[in-house]
Each structure stands twice: as structure tokens, then as C-alpha cells.
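Accompanying notes for the structure given below.
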Amino acid sequence: MRSEQAVEAQAAREEAALEREEARPDREETAVTRQAAEVAEIMARPAQELPTVPSRSQQAQRLIRDNPRLIEADPAGDPIVRGQVLAIAPTPGAISRARKAGFRIARTEAYGGLGLQVVVLTAPRGMPAAEAAQRLRALDPEGEYEFNHLYQKGGATALAMGAAPAASLARVRPDPSVRVGLLDGAVVRGHPTLAGAKVVQKAFVPGKARPTAHATAVASLIAGAYGPFRGVAPGATVYVADVYGATPTGGSADALVRALAWMAENQVPVINVSLVGPSNRLLSAAVQSLTARGHVVVAAVGNDGPAAGPLYPAAYPGVVAVTAVDARRRALPEAVRGPHVDFAAPGADMAAGGLAGFVKVRGTSFAAPIAAGRLAQLLRRPDPAAAARAVAALRQESTDLGVRGPDPVYGQGLVAFEVRTDPLAVGAQRTALRGR
């Protein structure tokens, strides 16, 4: 027979258990309230407190560290394909001397659309590319030799939350005469935002094309449309050159130039390059050839900060260099500045298409395609005079920001700010994550 104290103790335990059970909804409600408060606090943060895009130098250092067998640093610390040197239009005698010195021909490239010819040479086993380039220049003082530099993406995307429930496929009238080229990763085929656009895609690295959130976001900002989301030129034709694929050596200078030659062959009038890196003789020659033929090359200025030097191809003469602003029309604090900056466009606090649904994006990568899409509406075919008029027309449309007149922060001014879609309008996550 149980004692009176035991009965009272059991009753006390049962009463405490009942109280805990009754309190559970309150605790759950408290947790939900706390979570909602945390989300509200994140959404209320000023733009400059959001995580910024990794700089090119940070991405480059990580690339070299993680792939020592394939990638090395040039004398300036920039990533290059290990043991490779690009011989630009070499003479037969130069190639013969190189082969006798132990160099192998990896491949020969003829870029017909650009009027360029390159031989990719592989250095003798164990010889660093810097030493190889010096050796080749000693063998052929009149020749032109360059490293096979690797270029990084100039923006970051956030996790996707999918489309808002009310969103639906937008009805747009495709305009195939608006044509824009895109050097990046591959774009997700069949992405809802690009259902009304024409996407022509080709890989310029070994293996299959590899869709990326970065490339899909860039393409959607040019030609996309879905529910309340609109790119700058919905229904346009986008020529996508996948220069990355699945290889660590993606984004190489020779891959970029092969892609640019493809654009030239297809007479794509405006080409967007949301990639950044050092100056490279081969890439410079390709850009010069394109602009001389009346193509417009648009490039992101990069996210290495206002104290950084110019990045390429944005800083090449004749390239339309684009910086980014946030929802308050302020230049991103991480954006590169300088006299080469031509225009600003929205590049933060906005949504774009991702691998699935929508993502929130940040970086000069996402401002450049908006300017490129607008220029493509003004230039339907390559033509030097028409290209100059298109850039002048864009200048007339721009809104002056910062100090009066052109300046190193906003260039000629802000263009196409109305293209920015608030992430909340399409269900994209508000909290940004660091990109690659």
C-alpha cells in the first residue's frame, strides 16, 4: 500500500507534467515570435551590413590553394593554368625552337571571327609557367607570349525560396532581333524566367555544360520574365558561352577568347562579361578586334573595393564598364572605382532567376547585364558608327549621381533602375550568403 507521501509526490509530478504540456503552445508561440523578430531584424539591416561579395583576390587565392596540381600563380599572384603559355601568332621558326627546347603543343587555335591565331604551349615537366614564359621570350624576342589567366565571377547569389505563390508565367512577345552574348557558366534550360526567351548555348571547356546560379541570374536579368519579375529585354535571344564547365581551370583566357570568337561569328552585337581578372594580351587583342568590328563589349567593374586597381576586361579601352548600386541608388561599397567606369545599374537588393526559383543577388556581375540588355535594344547588329550612337543614347538616358557630371564612382550615371525587382515581390530569400 502506497504511503500518503508517495501519493502526494505522484500527484505533484502529474500536475507538473500537465503544466508543462499546457505551456508547450506558449513556448512554441514564443519560438515563432522570436524567429519572426530575427527575420524582421535581418530585413531591417542597412544594405552595407549585408555580407559583401568575395573579392576577386579572395576567390583567386582559394582557387590556387585548392587546385595546386592544375593551377599556379603568375608573378603578380593571379591564377593561371599550370605550365601553360599562350603564343600569339607565333612564327613557324619560333614554334620549332620551342619544341627543341622541350615545349609541347597542346593545341592550336584559329579565331577566324577575330583574326587571331594562338598556339597553346605546355612547358617541360616541372617548369613553372613564369619560367616557361621567360624561356620562350629569350628564344623569340620578337614574339608575343602570355599566361593563360583564369577569370572569376563578379557577384554572389543567395539561397532560393522559389517563386511567390501568385507568380505565373508572364506573357511576353519574344523579340529575337534583340541579341545579347553572355560569357559565364551555363544557364538552366527550361528555367521559368526564360520561357519566353531564346537561349542558344555552347560549352567552351571540355565536357558538358554546367548550369550555374550566377549565369542563370545574369541571363534572367537580360531576357527573363515571370510574374512580377522582368529583365531589361524580356524575350530577347541570349547566346550563352559556358567558359567554366565543371573544371577548376574554367574561365581561362583562351576559353574566353574562343567564346568571343563564337560571338563574332554569330554577329552578336552586344556581349556581356560579368567576369574579372588581370590584363591579358590575348584577351585584350580579342576585345580590340570585336570593338573595331562594331560589337559592344559590356563588363562588370568587379568587387575588389574602391582602393583596388582596375580589373579586366572592364578596364580595356572601348569596353563599357558597369558598376552597381543598391535599392537606395548608392554605389556598392565593394565596387571598384576609377576613370574607366562608364555607367551604374542596379546590382543589389534585387531578385533574379537561380538554379531553382529566384535568388537574391549582389555584385557588379548583375548590373552589367542590365546595361548590356538595354544597349542590345539600341544596337541590333554590329556596326562601329551604330555602336557609338547606342552608347551615346544610353548616356542620354542615364541619371546623374554623385558629383555633377561623369565621376569615378557612377561613371556617366545610373541606367535602367526600374528593372530592379524587390526580392519580396517574387519570394526570394532576403538574407544574402557569400558567393564563390
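The values are calculated or read from the model by the stated rules, or taken from the named source; none is laboratory data. For clarity, every value in this text was computed on a predicted model and none was experimentally measured. Heads up, the Cβs are rebuilt from the backbone with ideal geometry, glycines too, and the neighbour counts pull from every protein chain shown. Ligands, DNA and RNA are stripped out before the accessible areas are found, and what is left, the full protein with its side chains, is counted by its heavy atoms. Shrake-Rupley method; radii C 1.70, N 1.55, O 1.52, S 1.80 Å.
Heavy-atom accessible surface of ARG395, to the nearest 10 Å², is about 100 Å², with a 1.4 Å probe and all protein chains retained. Per residue, the solvent-accessible area of region 286-436 (1.4 Å probe, heavy atoms of protein chains only, all protein chains present) comes to 36 Å². Mind listing P(r) for region 333-405? All alpha-carbon pairs, 5 Å bins, whole percents. All Cα pairs considered, the percentages come to 3, 12, 21, 21, 19, 13, 8, 2, 0. Count charges around LYS100 for me, please; just the other residues with Cβ under 14 Å from its Cβ, Lys/Arg as +1, Asp/Glu as -1. Taking every Cβ under 14 Å from that of LYS100, the sum is +3.
Its Cα centre serving as origin, region 203-310 has a Cβ charge dipole (Lys and Arg +1, Asp and Glu -1) of approximately 100 debye. Overall, the anisotropy analysis places region 292-366 in the oblate class: the square-rooted eigenvalues a ≥ b ≥ c of its C-alpha gyration tensor yield a/c not less than 1.5, with a/b not exceeding b/c. Dipole check for region 365-405: with +1 at the C-beta of Lys and Arg, -1 at the C-beta of Asp and Glu, and the Cα centre as origin, the magnitude is about 80 Debye. Projecting the Cα atoms of ALA344, GLY363, GLY413 onto the dipole axis of region 314-436, where Lys and Arg carry +1 and Asp and Glu carry -1 at the beta carbon, places GLY363 farthest toward the positive end. Once the Kirkwood radius over Cα pairs is known for region 251-300, the Stokes-Einstein relation at 37 °C and 0.692 mPa s delivers a diffusion coefficient of 301 µm²/s.
Size of region 52-137: Rg and Dmax of its alpha carbons, in Å, are 14.9, 50.
Kirkwood-type hydrodynamic radius, region 240-333: 14.1 Å, calculated from all non-identical alpha-carbon pairs. Cross-link partners for LYS360 among the lysines, with Cα-Cα distance under 30 Å and sequence neighbours closer than 8 places in the same chain left out: LYS153, LYS198, LYS202, LYS208. Length gained on full extension, ASP383 to ARG69: 108.7 nm, using 0.36 nm per residue less the C-alpha separation. Per residue, region 174-277 exposes 27 Å² of accessible surface when a 1.4 Å probe is rolled over the protein heavy atoms with every protein chain present. Annotation: SER279 carries an accessible surface of approximately 60 Å², with a 1.4 Å probe and no ligand, DNA or RNA atoms counted.
Solvent-accessible surface of protein heavy atoms, probed at 1.4 angstrom with all chains present, puts GLU72, GLU142 in the order GLU142, GLU72, largest first. Model label sites at ARG395 and ARG210, defined 7 Å from Cα along the beta-carbon direction, differ in position by 4.1 nm. Can you send over the carbon and sulfur percentage of the accessible area for region 249-360, probe radius 1.4 Å, protein chains only? That fraction is 49 percent. Annotation for VAL200 and ASN266: the two label points, set 7 Å from Cα along the Cα-Cβ direction, are 0.5 nm apart. Shown are ARG381, ARG107, whose ranking by accessible area with a 1.4 Å probe and every protein chain present, most to least, is ARG381, ARG107.
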